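The values are calculated or read from the model by the stated rules, or taken from the named source; none is laboratory data. Computed from a predicted structure; not experimentally measured. For neighbour counting, all protein chains shown are included, and Cβ atoms are generated from backbone atoms with ideal geometry for every residue, glycine included. Ligands, DNA and RNA are stripped out before the accessible areas are found, and what is left, the full protein with its side chains, is counted by its heavy atoms. Shrake-Rupley method; radii C 1.70, N 1.55, O 1.52, S 1.80 Å.
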Amino acid sequence: QKEVEQDPGPLSVPEGAIVSLNCTYSNSAFQYFMWYRQYSRKGPELLMYTYSSGNKEDGRFTAQVDKSSKYISLFIRDSQPSDSATYLCAMSGGTNAGKSTFGDGTTLTVKP
Amino acid sequence: DVKVTQSSRYLVKRTGEKVFLECVQDMDHENMFWYRQDPGLGLRLIYFSYDVKMKEKGDIPEGYSVSREKKERFSLILESASTNQTSMYLCASSLSGRREKLFFGSGTQLSVL
């Protein structure tokens, strides 16, 4: 079983929809939780970074971490066609400090 | 903005060849990483380095080696390329106190025939 499991998708939504992307993990030592966005034929870029539990908001993006359930989410409000990309969750901590473990990614398409 | 530059966007090599993938970052980051990305397997860490001339194995180091002679440059070496090393290779860097905040290059799509 993988340490990080990500909802596989793909996901297709109409423009303006609220999108929820989710990951679960098994390593309780994870303390840092990241979301990356990867456009086609590009490298991933860091979108959200959260330490420990709680919510973090940045514009239309909200990252949520529930350490008790070992579950993290990324919400995108008022989704735009430019949000179409693959979203990767990543986490690190404990014996994996400094080494991020990634989910497989969820591909999102936002239709105009 | 941090820039991580990978020397080649696409590379085609033959089985048994020695392959060098080069990565340069311009923001004085201490940490550098090599990942490979495969469909259904996500990003997997091959090697990383926290300082010049230092290297540590990641999760899948077999068949690879690395070199870091200068702070800004981190090279991945495939000693004898095999077809199962056909993949997208991604280089990343990060600051010492912010190891988790990775800045990635655009990747090198390597095909081994």
Inset, instruction - Calculate what fraction, in whole %, of the accessible area of region B:70-113 sits on carbon and sulfur atoms when a 1.4 Å probe is rolled over the protein chains. - result: 48
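With every protein chain present, what is the per residue accessible area of chain A (1.4 Å probe, Å²)? Show your work: numbers first, answer last.
On the way: 5170 Å² over 112 residues.
Accessible area per residue, chain A: 46 Å².
Just the number, please: Stokes-Einstein D of region A:7-60 in µm²/s, Kirkwood Rh from C-alpha pairs, 10 °C, 1.306 mPa s. The partial results should precede the final answer.
On the way: Rh = 13.6 Å.
Reported coefficient: 117 µm²/s.
May I ask you to rank A:L47, B:L43 by accessible area, largest first, using a 1.4 Å probe over the protein chains only? List each step's numbers first, then the result.
Values: A:L47 30, B:L43 10 Å².
Descending accessible area places them as A:L47, B:L43.
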Inset, instruction - Only counting protein heavy atoms at a 1.4 Å probe, give the residues of region A:13-43, ordered by number, whose accessible area falls by 30 Å² or more when the other protein chains are present relative to the chain alone. - result: A:Y36, A:Q38, A:R41, A:G43
Inset, instruction - State in Å² the accessible area per residue of chain B; use a 1.4 Å probe, count heavy atoms of protein chains only, and round to the nearest integer. - result: 49
Inset, instruction - Give me the percent of the accessible area of chain A that comes from carbon and sulfur atoms, probe 1.4 Å, all protein chains in place. - result: 48
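Give the relative contact order (percent, whole number) for chain B; include only Cα pairs under 8 Å separated by 6+ residues. Show your work: numbers first, answer last.
Working: 301 pairs, mean separation 40.9, N = 113.
36 percent.
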Legend entry - Relative contact order [Cα under 8 Å, 6+ residues apart], region A:62-112, whole percent: 34
Inset, instruction - Kindly identify residues of region A:69-112 having a loss of at least 40 Å² in accessible area between the isolated chain and the assembly of all protein chains, probe radius 1.4 Å. - result: A:G98, A:K99, A:S100, A:F102, A:D104
Inset, instruction - Quick one: accessible surface of A:T107, probe radius 1.4 Å, all protein chains present, in square angstrom to the nearest 10. - result: 60
Inset, instruction - Work out the FRET efficiency for B:S7 and B:S80 from their Cβ-Cβ distance, taking R0 = 35 Å, and round it to the nearest 0.05. - result: 0.95
Legend entry - Solvent-accessible area buried by B and A, counting both chains, probe 1.4 angstrom, square angstrom: 1600
Inset, instruction - Give me the accessible area of B:T15, 1.4 Å probe, in Å² rounded to the nearest 10. - result: 90
Legend entry - Hypothetical label at B:E22: residues of region B:52-73 whose amide nitrogen lies under 12 Å (7 Å Cα-Cβ projection): B:73
Legend entry - Length-normalised contact order for chain A - Cα pairs under 8 Å, 6+ apart - percent: 37
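DSSP loop trypsin sites (Lys or Arg not before Pro) in region B:16-65 with at most 11 other Cβ atoms within 10 Å of their Cβ, which ones? Write out the running numbers ahead of the final one.
Details: sites: B:K18, B:R36, B:R44, B:K53, B:K55, B:K57; in loops: B:K18, B:K53, B:K55.
Qualifying residues, ordered by number: B:K18, B:K53.
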Legend entry - Where trypsin sites (Lys or Arg not before Pro) fall in DSSP loop in region A:1-62, at most 15 other Cβ within 10 Å: A:K2, A:R41, A:K42, A:R60
Inset, instruction - In nm, give the distance between the simple-model label positions of A:I18 and B:D59, each being 7 Å from the Cα along the Cα-to-Cβ direction. - result: 3.2
